[in-house]
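Asker: Quick one: structure below, then a few questions.
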Amino acid sequence: MGLTRLNNQALTDVTSAGLPSGTIINTQVTKHTGSSNPNTQSWTAVGQTISYTPKKSGSKLIVKHSLFTRAAGSGSECRFDWRIKRTVNSVETTTTTAMDLGHYEYDATGSWTKHNYEILEEYTTVDTNAISWKWEVADGVSSQGNGGVYFNEGTTGDLASSITVMEIAG
């Protein structure tokens, strides 16, 4: 027998306002499959953004950032920095900064390595205005070798970075 009532309401009458705390209200995913190599030590957007409009004020947003990279160079170091910016009601805030990602190779023979970085964030909504996230990167010390950091690029070109937003009733 299927569920026909929730919180003593017919299922057709249930809204996000009537859901128990901890219930998933909505999920949104964006994937970025384009490859890029910023090759600059200045912060540069790499094309990964998402805008999400909460269904309910006071709900929790769990945001999962998955970044796929390939660090390549003929020297010993190939590193980069990554930061995540969130904009709420036209106010932009850096939420996470990760420094010196990539690799250091002690024998300096030159190689490439693939990396997958994942960061989870939690944010409690204050209203139902859209919230956006974007990624920026800066080449670290990869100028010591030939190459750099490539995003969404692997040996088969099938890697995709993504941002997933899950809204949970508060």
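Asker: Only one residue in Glu122, Glu118, Glu153, Glu136 is at pLDDT 65 or above, over 14 Å from the mean Cα position of the chain (by Cα) and not β-branched (Val, Ile, Thr), so which one is that?
Answerer: Going through Glu122, Glu118, Glu153, Glu136 in turn, the sole match is Glu153.
Asker: Still on this structure: Say we look at segment 104-115 and pick out the residues that are more than 18 Å from the chain's Cα centre (by Cα) and not charged (D, E, K, R); which of these is modelled with the highest pLDDT?
Answerer: Thr113
Asker: Mind listing whichever residues of segment 29-50 are under 11 Å from Ser161 (Cβ atoms), among the hydroxyl-bearing types (Ser, Thr, Tyr) and open to solvent by less than 50 Å² (accessible area, probe 1.4 Å)?
Answerer: If the condition is that a residue be under 11 Å from Ser161 (Cβ atoms), among the hydroxyl-bearing types (Ser, Thr, Tyr) and open to solvent by less than 50 Å² (accessible area, probe 1.4 Å), then Thr30, Ser36 are the ones that fit.
Asker: Sticking with this structure for a sec: Return yes or no: is Lys60 open to solvent by 50 Å² or more (accessible area, probe 1.4 Å) and touching a helix residue (DSSP H, G or I) at 6+ places or on another chain (Cβ under 6 Å)?
Answerer: So Lys60 does not fit the description; no.
Asker: What about Glu77, is it over 17 Å from Pro38 (Cα atoms) and at pLDDT below 75?
Answerer: no
Asker: So how many residues does segment 80-97 have that are closer than 27 Å to Thr128 by Cβ and either charged (D, E, K, R) or in contact with a Pro (Cβ under 9 Å, 6 or more places away or on another chain) (or both)?
Answerer: Final tally of qualifying residues: 4.
Asker: When segment 92-103 is examined, which residues are found to be modelled with pLDDT under 80 and open to solvent by 60 Å² or more (accessible area, probe 1.4 Å)?
Answerer: Those that are modelled with pLDDT under 80 and open to solvent by 60 Å² or more (accessible area, probe 1.4 Å): Met99, Asp100.
Asker: On the given criteria, is Gln28 part of a strand (DSSP E or B) and at pLDDT 90 or above?
Answerer: Here the answer is yes, as Gln28 does meet what is asked.
The values are calculated or read from the model by the stated rules, or taken from the named source; none is laboratory data. All values derive from a computational prediction rather than experimental measurement. Because the Cβ atoms are built from the backbone with ideal geometry, glycine has one as well, and the counts that use them run over all protein chains shown. Ligands, DNA and RNA are excluded from the accessible area calculation, which covers all protein heavy atoms including side chains. Shrake-Rupley method; radii C 1.70, N 1.55, O 1.52, S 1.80 Å.
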